[in-house]
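J.: One structure follows; several queries about it will come next.
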Amino acid sequence: MTAAKISVWDPIIRIIHWLLAAAVLFNWYTDQPLWLHTWTGYLAAVLVASRVLWGCIGPENARFASFVRRPQVIIDYLAGLVRFSSRRYLGHSPAGGAMVVALLIMVAATAGSGMASLAAIEGRGPLSAVIERVPPPRALGQRRPPPLICGIHQVLGNATLALVVLHVAGVVLASCAHRENLMAAMITGRKRSK
Ligand code: HEM
């Protein structure tokens, strides 16, 4: 007999997840045209802020309080996972919960450094009131190295993508260990109850 399926991920979590995934992958792939890269970055920042709010007021499985756990609990879970003997969780596992927090922080940092870069290069965007524009070269044809913040933005973008690769690897590993399709669960919102 197959176990009944129950609802685990609410629609807000799923919509935020897939929009955030699309925004992060698109912006990592290209920064052209710049206006689209910029607006996709704003969208990612709004999605992260919405997820943080939902983590405080949303249903049980969405709440940070239900999945942020002590480092030792995360280490024990990971040790069990690689031996395929970890406990199955209906909501986020301890490692999944840590990854949620890390991804939200990294996307926020990448978006913030992008806004700082826009202010430094073009004197535009929400941070232009607090970050001074780097003056353009005086002579025609003269080149200036890009401001440091642009390099920081690039490094953060690449680090976020590395985290995403780790995230997807973790999803595949946990799916195999518990013989369930976690990606399908993030689409339908449902998981088997046992
Ligand atoms: C840029 C790409 C991605 C980002 C930024 C991202 C981010 C996140 C975040 C923030 C969560 C937490 C969900 C929540 O509680 O709100 C999450 C969970 C999840 N993501 Fe992704 N994700 C990405 C790509 C993917 C892809 C490609 C897959 C498909 C394999 C995937 C599958 C999942 C699953 C299954 C969960 C739930 C994990 C669990 O059971 O604990 N994600 N992701």
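No lab work stands behind these numbers, since they all come straight from the coordinates. The model shown is predicted, which means the values in this text are computed figures rather than measured ones. All Cβ positions, glycine included, derive from the backbone under ideal geometry; neighbour counts span all protein chains shown.
J.: Inspect all residues belonging to the stretch 169-183 and state whether any of them is closer than 24 Å to residue 42 by Cα and of a type in the set (Val, Ile, Thr).
T.: no
J.: What are the residue pairs meeting all of these: first residue in the stretch 1-30, first residue on the phi < 0 side of the Ramachandran plot and more than 7 Å from the ligand (Cβ to nearest atom), second residue among the aromatic types (Phe, Trp, Tyr) and in a helix (DSSP H, G or I), Cβ atoms under 8 Å, and 6 or more apart or on different chains?
T.: 12/54
J.: Taking the stretch 58-81 as the region of interest, how many residues are in a helix (DSSP H, G or I), more than 19 Å from residue 186 (Cα to Cα) and out of contact with any Leu (no Cβ under 8 Å at 6 or more places or on another chain)?
T.: Residues flagged as in a helix (DSSP H, G or I), more than 19 Å from residue 186 (Cα to Cα) and out of contact with any Leu (no Cβ under 8 Å at 6 or more places or on another chain) within the stretch 58-81 amount to 11.
J.: Oh, and also: Of (1) within 13 Å of the ligand (Cβ to nearest atom); (2) closer than 30 Å to residue 150 by Cβ, residue 38 satisfies all except one. Which?
T.: (1)
J.: Which members of the stretch 87-109 meet the condition of being out of contact with any strand residue (DSSP E or B) (no Cβ under 8 Å at 6 or more places or on another chain), in contact (Cβ under 8 Å) with a residue 60 or more places away in the chain and not in a helix (DSSP H, G or I)?
T.: The answer is 88, 91, 93.
J.: With closer than 21 Å to residue 191 by Cα and part of a helix (DSSP H, G or I) as the only criterion, which of 112, 55 stands out?
T.: Result: 55 is the single residue among 112, 55 that is closer than 21 Å to residue 191 by Cα and part of a helix (DSSP H, G or I).
J.: Considering only the stretch 174-187, how many residues are more than 11 Å from the ligand (Cβ to nearest atom), in a helix (DSSP H, G or I) and either on the phi > 0 side of the Ramachandran plot or surrounded by 14 or more Cβ atoms within 10 Å (Cβ to Cβ) (or both)?
T.: 1
J.: Ok, one more. Any residue that is small (Gly, Ala, Ser) and farther than 23 Å from residue 28 by Cβ - is there at least one of those in the stretch 142-151?
T.: no
J.: Please verify whether residue 129 is surrounded by 18 or more Cβ atoms within 10 Å (Cβ to Cβ) and over 28 Å from residue 14 (Cα atoms), treating the condition exactly as stated.
T.: no
J.: Identify, by number, the condition in (1) loosely packed, with under 15 Cβ neighbours inside 10 Å; (2) outside any loop (DSSP other than H, G, I, E, B) that residue 84 doesn't meet.
T.: Only one criterion is unmet by residue 84, namely (2).
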